[in-house]
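Here's the structure we're looking at; comments come further down.
The values are calculated or read from the model by the stated rules, or taken from the named source; none is laboratory data. Predicted model only: the values in this text are computed from it and were never measured. Positions of Cβ are backbone-derived with ideal geometry, glycine not excepted, and every protein chain shown enters the neighbour counts. To get the accessible areas, we keep the full protein, side chains included, count just its heavy atoms, and leave off ligands, DNA and RNA. Shrake-Rupley method; radii C 1.70, N 1.55, O 1.52, S 1.80 Å.
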There are 2 protein chains.
Amino acid sequence: MTNPTAAMLVIGDEILSGRTREANAYHLAGRLGKLGIDLREIRVVPDDHDVIVDALNALRAAHTHVFTSGGIGPTHDDITADAVADAFGVGIDVRDDARALLQAAVGHTRTLTPEHLRMARIPHGAELIDNPLSGAPGISIGNVHVMAGVPAIFVAMLDAVLPSLESGRPVLSRELRFEVGEGRIAAPLRDLAAEMPDLSIGSYPFHSGSVYGTNIVVRGTDADRIDQAIERLEAIRRSHG
Amino acid sequence: MTNPTAAMLVIGDEILSGRTREANAYHLAGRLGKLGIDLREIRVVPDDHDVIVDALNALRAAHTHVFTSGGIGPTHDDITADAVADAFGVGIDVRDDARALLQAAVGHTRTLTPEHLRMARIPHGAELIDNPLSGAPGISIGNVHVMAGVPAIFVAMLDAVLPSLESGRPVLSRELRFEVGEGRIAAPLRDLAAEMPDLSIGSYPFHSGSVYGTNIVVRGTDADRIDQAIERLEAIRRSHG
């Protein structure tokens, strides 16, 4: 497949400490697959400036698109925007259009606090990502898209970003359930995978009650080829049932 | 903190494609925190030999302990053991003790298939990790611990591995709920974080019904210091309630 590739960078001590279960990667993975963007890596890092800068630079050099989540709020542990500016070697300042979005979100009768203004600091040369829920914008700069960690806001920002991105041929998949352990079908599966290298054939064991079974997932960009593979798998299932 | 550090490497196309929601990182993070092992990175990579080798070598050089999940079954897409052998520059072969574990798991009247034997291939110099559920062992080599992706087996293997590892001072945490948005308390929080740099003070906004609130999490290894921080936070809450 020659689809564009992507990486996700999750920024947040709360994931690594075990306090919070990461909730955005699964959503992103599903959305990217439908667009034919090949998610190749997810990396979770702590709220550590240098670690974030290094990870951003490694991932943006290696992939067509990079999506980040977390660390764009008003508190001392929200350091993503500064790390993004450093990774790109640009300055960062409060910007009028971002300030206007925050003013609109809090209402025109309230004065913006220094904490509001912290969320209006934008790396030079970035574009804003609309945040319909709480006002504080995300940031797109180069091939990096910086979004909130709060799941509802992450989803809304992703909706705003994805339509403009370079996409590819959507990845299609079909799945077939076998009521035998994967060891029993490993040999014909290996042969099928070797014969159809344009497809990805994954084998996922499951255990449900007293049944040890296997789900076989066929993924690719050509629906006819996937159908051919499923027919072959159905034949394997009849002979190894 | 001078606690030992750790990284997790999740190996599996099924996570990156959006088919499967990753389920082991949250468990690992919680267990390591209780042992005083500082989880510093989680990385998810596809079933790609070279990518796995590179990630293993980067993570094992940077951290005290590395835990992997996924890719140790009998099928063609289970390539973790070979990648581990290559990362360490050692050979890999079927080993008698691993073969005996698989023989015991399938019962002594059945003949092991080539697929069973694939799960008995062990990098030279590795130790086995007991798998009480399905027999096929995990692998410990150097500072890398290679475990199954199936959550019940991952948990069982982790139980077997953790007691022998270098640990540190357990990380304790307390949490305080504020019924105001985090912007309202960001300034005193920043001051408190600067004053108590031995603690990690995280701010996590939440939205529940009509309430925009903030959970403040204080983490550290000294219970008295955490209690002092919580007292200070309670005072902040009284004046910003």
- Query: So which strands (runs of 3 or more DSSP E) are wholly in the stretch A:16-122 and hold at least 1 residues that are more than 13 Å from chain B (Cβ to nearest Cβ)?
  - Reply: A:65-69, A:92-94
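Can you tell me how many residues within the stretch B:5-24 are small (Gly, Ala, Ser), in contact (Cβ under 8 Å) with a residue 12 or more places away in the chain and open to solvent by 20 Å² or more (accessible area, probe 1.4 Å)?
Of the stretch B:5-24, the ones small (Gly, Ala, Ser) are B:6-7, B:12, B:17-18, B:23.
Checking the rest, the ones that are also in contact (Cβ under 8 Å) with a residue 12 or more places away in the chain come to B:6-7, B:12, B:23.
Then keep just the ones that are open to solvent by 20 Å² or more (accessible area, probe 1.4 Å); that gives B:23.
Of the residues in that region, 1 qualify.
Let me confirm something: among B:Leu162, B:Leu176, which residue is of a type in the set (A, V, I, L, M, F, W, C), farther than 22 Å from A:Ala136 by Cβ and not in a helix (DSSP H, G or I)?
Numbers: B:Leu162 fails: not in a helix (DSSP H, G or I).
Going through B:Leu162, B:Leu176 in turn, the sole match is B:Leu176.
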- Any residue in the stretch A:222-233 that is in a loop (DSSP other than H, G, I, E, B) and within 21 Å of A:Gly168 (Cα to Cα)? yes
- Query: Of the conditions (1) out of contact with any strand residue (DSSP E or B) (no Cβ under 7 Å at 6 or more places or on another chain); (2) within 25 Å of A:Leu162 (Cβ to Cβ), A:Thr5 fails just one. Which one is it?
  - Reply: (1)
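Within 20 Å of A:Asn143 (Cβ to Cβ), in contact with a Leu (Cβ under 8 Å, 6 or more places away or on another chain) and touching a residue at least 40 places away in the same chain (Cβ under 8 Å) - does that describe any residue in the stretch A:106-122? It would help to see each step written out before you state the result.
Going through the stretch A:106-122, the residues within 20 Å of A:Asn143 (Cβ to Cβ) turn out to be A:122.
So of that shortlist, the ones also in contact with a Leu (Cβ under 8 Å, 6 or more places away or on another chain) come out as A:122.
Right, trim to touching a residue at least 40 places away in the same chain (Cβ under 8 Å) and you get A:122.
Yes, some residue in the stretch A:106-122 is within 20 Å of A:Asn143 (Cβ to Cβ), in contact with a Leu (Cβ under 8 Å, 6 or more places away or on another chain) and touching a residue at least 40 places away in the same chain (Cβ under 8 Å).
Take the residues of the stretch A:211-241 that are within 14 Å of chain B (Cβ to nearest Cβ) and over 20 Å from B:His116 (Cα atoms): which is surrounded by the fewest Cβ atoms within 10 Å (Cβ to Cβ)?
Taking the stretch A:211-241 as the starting set, the residues that turn out to be within 14 Å of chain B (Cβ to nearest Cβ) are A:211-221, A:226, A:229, A:233, A:236, A:240.
Cutting the leftovers down to over 20 Å from B:His116 (Cα atoms) gives us A:217-221, A:226, A:229, A:233.
Numbers: A:Val217: 19, A:Val218: 24, A:Arg219: 21, A:Gly220: 20, A:Thr221: 17, A:Ile226: 19, A:Ala229: 23, A:Leu233: 21.
Across the stretch A:211-241, the extreme among qualifying residues is A:Thr221.
Within the stretch A:74-125, count every residue that is among the polar types (S, T, N, Q) and buried (at least 21 other Cβ atoms within 10 Å of the Cβ). If you could, list the steps in order and put the result at the bottom.
Filtering the stretch A:74-125 down to residues among the polar types (S, T, N, Q) leaves A:75, A:80, A:103, A:109, A:111, A:113.
Next cut, buried (at least 21 other Cβ atoms within 10 Å of the Cβ) only: A:75, A:80.
Of the residues in that region, 2 qualify.
Considering A:Glu182, A:Glu166, which residue is within 11 Å of chain B (Cβ to nearest Cβ) and not β-branched (Val, Ile, Thr)? Lay out the reasoning, then the answer.
On the way: A:Glu166 fails: within 11 Å of chain B (Cβ to nearest Cβ).
That would be A:Glu182, the only listed residue that is within 11 Å of chain B (Cβ to nearest Cβ) and not β-branched (Val, Ile, Thr).
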- Message: For the structure I just gave you, tell me whether A:Pro137 is buried (at least 21 other Cβ atoms within 10 Å of the Cβ) and within 30 Å of A:Thr68 (Cβ to Cβ).
- Response: yes
- Within the stretch A:25-38, count every residue that is open to solvent by less than 10 Å² (accessible area, probe 1.4 Å) and either within 17 Å of B:Arg43 (Cβ to Cβ) or touching a Cys at 6+ places or on another chain (Cβ under 7 Å) (or both). 2
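Does B:Pro137 count as under 24 Å from B:Pro114 (Cβ atoms) and more than 9 Å from every other protein chain (Cβ to nearest Cβ)?
Working: under 24 Å from B:Pro114 (Cβ atoms): yes; more than 9 Å from every other protein chain (Cβ to nearest Cβ): yes.
It is true that B:Pro137 is under 24 Å from B:Pro114 (Cβ atoms) and more than 9 Å from every other protein chain (Cβ to nearest Cβ).
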- Query: What is the number of the single condition among (1) under 17 Å from the mean Cα position of the chain (by Cα); (2) part of a strand (DSSP E or B) that B:Tyr204 does not meet?
  - Reply: (1)
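Kindly evaluate B:Glu41 against the criterion of being under 15 Å from A:Arg21 (Cα atoms) and in contact with a His (Cβ under 8 Å, 6 or more places away or on another chain).
Values: under 15 Å from A:Arg21 (Cα atoms): yes; in contact with a His (Cβ under 8 Å, 6 or more places away or on another chain): yes.
Criteria met by B:Glu41.
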